[in-house]
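Reading through the C-alpha cells given below for one structure.
The values are calculated or read from the model by the stated rules, or taken from the named source; none is laboratory data. Every value quoted in this text rests on a predicted model; they were computed, and no experiment measured them. Note that each Cβ is placed from the backbone with ideal geometry, even for glycine, and that neighbours are counted across all protein chains shown.
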Amino acid sequence: MKYDIDIEMELQHENFDKILKNFEYVDGLEEILNETLELYDSESFIDLTKNMENYMNQHNKDFLTSNLTPEDLKEKFLILQNASILKKSKIKLLYVPSLWGDTIVFEHFKALTSFYAVLMKMKANKDKISEEKKFLFIEKLIYLLLDFDKNSTFKHADKNFFHSLKKIKWDKNANKLFDKIYDMHSDVIIYILGGSFSKIFLYNQSGNYFALTFLVACNAVNHGRNRMIEDDVVIAFKTFYKLIHADIDQLSI
C-alpha cells in the first residue's frame with residue numbers, strides 16, 4: 001500500500017499537537033515528538049526497519065559459528081544469570097507480555113539486546129560482534145542510558161537491579177504518554193513498510209515497543225523509583241533515537 005506523505009504528516013501533526021496539549025507539563029516532550037517525525041527521513045531508521053529481520057538472521061548465523069550455546073552464554077555472562085530473575089512468557093510468540101502481572105519480563109531485556117545486535121550488524125556491516133562486548137555495552141546502556149556514549153564508569157546490573165525491575169509498575173499517566181508517542185512511532189514504521197500486515201512489521205512493532213519499555217524501566221530503577229513516570233518515558237525515547245543515529249564508535253566498548 002502506498003501512503004501519501006502529505007496526508008501522513010498532517011495526521012501526525014494533529015497527534016503531535018494533542019499529545020503536547022495533554023502533557024504540556026512534561027519537560028523534553030516536544031523534542032521527542034519532533035525526533036519521532038524526523039524518523040520519516042532518517043536513513044538509519046529506514047534501513048533498520050526494512051532490514052531488521054535480515055540483520056538479525058546475519059547476527060544469528062555469526063552466533064552459530066561461535067560454537068556457543070545459550071547455556072554457555074548464561075554461564076559466561078553474569079548479566080544473563082541475573083536477568084533470568086525476570087519471568088519468561090510461556091506463549092512462544094514474538095515478545096508476548098507476561099500473563100502473571102509483571103510489567104517487565106525477560107522478553108523486554110531480550111528485545112533490547114536483540115535491538116542492539118541488529119543495530120551493530122547494520123553499522124558494522126560484515127564484521128562480527130563479540131558476545132562479550134555486546135553484553136558489556138548493554139550493562140553500560142541500562143545504567144547510563146542517554147550518556148551511553150560517554151567515557152564514564154557504570155555499575156553492573158546485579159540481582160537487586162533485576163529484582164527492582166521485576167517489581168516495577170507504570171504510573172497511569174506515564175503509560176498513556178508512552179503509548180501515545182509509540183503510536184506515532186508505529187505510524188512511521190507502517191509508512192516505511194507500506195502497511196502493517198507483515199511479519200517484518202510485527203518484528204519491528206513489538207521489538208521496538210519492548211526495548212523502549214525496558215529503557216523506561218531502567219531509568220526509573222536507576223533513580224530509585226518503583227513506578228515509571230513521564231520523565232523516564234522521555235529519557236527512554238531520547239536514548240533509543242540516539243542509539244539509532246549513533247556511529248559505530250559510540251556503540252562500541
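Observations, loosely collected:
- Conditions (1) of a type outside the set (D, E); (2) surrounded by 17 or more Cβ atoms within 10 Å (Cβ to Cβ); (3) over 21 Å from L48 (Cβ atoms); number of the one not met by G224: (2)
- Tabulated pairs, segment 150-167, first surrounded by 12 or more Cβ atoms within 10 Å (Cβ to Cβ), second of a type in the set (G, A, S), C-beta under 7 angstrom, 6+ apart or interchain: F162/A83; L165/A217
- Restricting attention to segment 227-253 and to residues that are within 16 Å of the chain's Cα centre (by Cα) and farther than 23 Å from S42 by Cβ, the residue that is surrounded by the fewest Cβ atoms within 10 Å (Cβ to Cβ) turns out to be M228.
- Residues in segment 164-198 that are acidic (D, E) and farther than 18 Å from I104 by Cβ: D183, D187.
- Check on Y143, on the phi < 0 side of the Ramachandran plot and modelled with pLDDT of 95 or more: yes
- Within segment 66-88, the residues that satisfy the criterion of being touching a residue at least 40 places away in the same chain (Cβ under 8 Å) and among the polar types (S, T, N, Q) are S66, N82.
- Only residues that are surrounded by fewer than 21 Cβ atoms within 10 Å (Cβ to Cβ), in a helix (DSSP H, G or I) and small (G, A, S) were counted in segment 115-130, giving 1.
- Looking across segment 189-220 at every residue that is touching a Phe, Trp or Tyr at 6+ places or on another chain (Cβ under 6 Å) and over 22 Å from S89 (Cα atoms), the one that is surrounded by the most Cβ atoms within 10 Å (Cβ to Cβ) is identified as Y191.
- Tally of residues being over 14 Å from F178 (Cα atoms) and in contact with a helix residue (DSSP H, G or I) (Cβ under 6 Å, 6 or more places away or on another chain) across segment 13-36: 1
- Number of residues in segment 15-72 that are assigned to a loop (DSSP other than H, G, I, E, B) and either surrounded by fewer than 16 Cβ atoms within 10 Å (Cβ to Cβ) or under 18 Å from the mean Cα position of the chain (by Cα) (or both): the value is 9.
- Selected residue (only one of S198, S206 is under 26 Å from I5 (Cα atoms), of a type in the set (S, T, N, Q), free of Cβ contacts under 8 Å to residues at least 40 places away in the same chain and out of contact with any Cys (no Cβ under 6 Å at 6 or more places or on another chain)): S198
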